[in-house]
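Participant: Got a structure for you, written out below as structure tokens; questions coming shortly.
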Amino acid sequence: MSQYWSQLVHSLTPYVPGEQPKVDNLIKLNTNENPYPPSPKVLEAISEQNNEKLRLYPDPNSDILKQSIADYHNLNPNQIFVGNGSDEVLAHAFQGLLKQDAPLLFPDITYSFYPVYCGLYGIEYNNVPLNNDFEIDITEYEQKCGGIIFPNPNAPTGRLLALDKVKALLEMHPNRVVLVDEAYIDFGGQSAISLVNDYPNLLVTQTLSKSRSLAGIRVGFAVGQAHLIEALERVKNSFNSYPIDRLALFGATASFADEDYFQACCQKIINTREALTSAMTEMDFKVIPSAANFIFAKHPEQDAEKIALALRERKIIVRYFNKPRIDQYLRITIGTDAENDALIAALQEITQ
Ligand code: PMP
């Protein structure tokens, strides 16, 4: 490859997703998937899409899904945008709403896709440091900016920002978009969706990949006032008219029709998270309080990367980030109770 082509390719810095192993004999606690299957109603709805229907394009507006999300949150369908995973929804928001004449702000420790989108779309940004307990300090956001984005709960820390502090950020920058990425909100947080009718600058994104066990069909959505949703629709229609395929459209819609299943599943994960937190605290780990389906923890003496490797030898995979401030931490997804027992036994062996 000539230097010209090499420079061109290497000027693009991609996001590197967590490992998706090609073998299935591992306890997979590395990419925050749900350990339980989706509601049986999802598979029923997908199965109804027969061969005759697959011949046809899906509805480009995904109306049935928007309607069910709007009903679920007591909003109007024109306040809902849907996309091919929340990563795609975020991409459109970065491109259409977050490129302004001042830097975008997000925490120094956060979802590592954000700087990648900034690079791709030429958006300037400032990393705002989390405090020593990995909390967002909202006073640090009192600076000129082109918008704010952060996950709530944050990833990979799991820490939740209280809704009154989200409101304070919205009021601090009334003419900038504040995007709250709620990929993990259903595991114990209070959603900012309740605020959208009061704040024209608020955009909330959620995903069906985590709490609804649907990472495999790739559906995410944004909620906001109609003008912000209209902006996202314009970007989407200049990019891909049919982001939600037919199977995903009907499967995702069905998942909103089984509230009991959804609530029970989230509660099980919360209970397992609390059990894991206690067990690891007893082993002397420092566990950051989590409102997500994962925990972020470090051992006072043992090296995080070595623990991750020792777990892997025992066929358990977790996430290790070789990054400043967090290179002694492990992010561990909450699994089933049986997976959790195996993890605890392995950690006891490794750290004793
Ligand atoms: N936001 C955060 C904070 C995440 O951790 C993830 C998952 N990697 C996403 C968004 C994207 O999830 P998806 O594209 O599966 O909806």
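Participant: Considering every residue within the stretch 297-317, establish whether at least one is over 19 Å from E19 (Cα atoms) and small (G, A, S).
Facilitator: Within the stretch 297-317, one or more residues are over 19 Å from E19 (Cα atoms) and small (G, A, S).
Participant: Could you list, in sequence order, all residues of the stretch 122-145 that are among the hydrophobic types (A, V, I, L, M, F, W, C) and not in a loop (DSSP other than H, G, I, E, B)?
Facilitator: If the condition is that a residue be among the hydrophobic types (A, V, I, L, M, F, W, C) and not in a loop (DSSP other than H, G, I, E, B), then V128, I138 are the ones that fit.
Participant: In the list E142, E135, which residue meets the criterion of being more than 15 Å from the ligand (Cβ to nearest atom), of a type in the set (D, E, K, R) and in contact with a Lys or Arg (Cβ under 7 Å, 6 or more places away or on another chain)?
Facilitator: That would be E135, the only listed residue that is more than 15 Å from the ligand (Cβ to nearest atom), of a type in the set (D, E, K, R) and in contact with a Lys or Arg (Cβ under 7 Å, 6 or more places away or on another chain).
Participant: Of everything in the stretch 15-27, what is within 14 Å of the ligand (Cβ to nearest atom) and either more than 17 Å from the chain's Cα centre (by Cα) or loosely packed, with under 12 Cβ neighbours inside 10 Å (or both)? Give them in sequence order.
Facilitator: V16, P17, Q20
Participant: Output the residue which, of all residues in the stretch 180-200 that are within 20 Å of L105 (Cβ to Cβ) and more than 9 Å from the ligand (Cβ to nearest atom), is surrounded by the fewest Cβ atoms within 10 Å (Cβ to Cβ).
Facilitator: P200
Participant: Exactly one condition in (1) away from the ligand (no atom under 16 Å from the Cβ); (2) touching a His at 6+ places or on another chain (Cβ under 9 Å) is not met by I148; state its number.
Facilitator: With respect to (1) away from the ligand (no atom under 16 Å from the Cβ); (2) touching a His at 6+ places or on another chain (Cβ under 9 Å), I148 is out only on (1).
Participant: Residue by residue through the stretch 201-233, note down the ones that are within 13 Å of the ligand (Cβ to nearest atom), assigned to a loop (DSSP other than H, G, I, E, B) and over 11 Å from the mean Cα position of the chain (by Cα).
Facilitator: R212, S213, L214, R218, V219
Participant: I'm trying to understand the selection: among the residues of the stretch 305-352, which are closer than 14 Å to M280 by Cα and at pLDDT below 95?
Facilitator: Once the filter is applied, which keeps residues that are closer than 14 Å to M280 by Cα and at pLDDT below 95, the stretch 305-352 yields only Q352.
The values are calculated or read from the model by the stated rules, or taken from the named source; none is laboratory data. Treat the numbers as computed from the prediction; the structure is a model and nothing was measured. With ideal geometry, Cβ positions are generated from the backbone for all residues, glycine too; neighbour counts draw on all protein chains shown.
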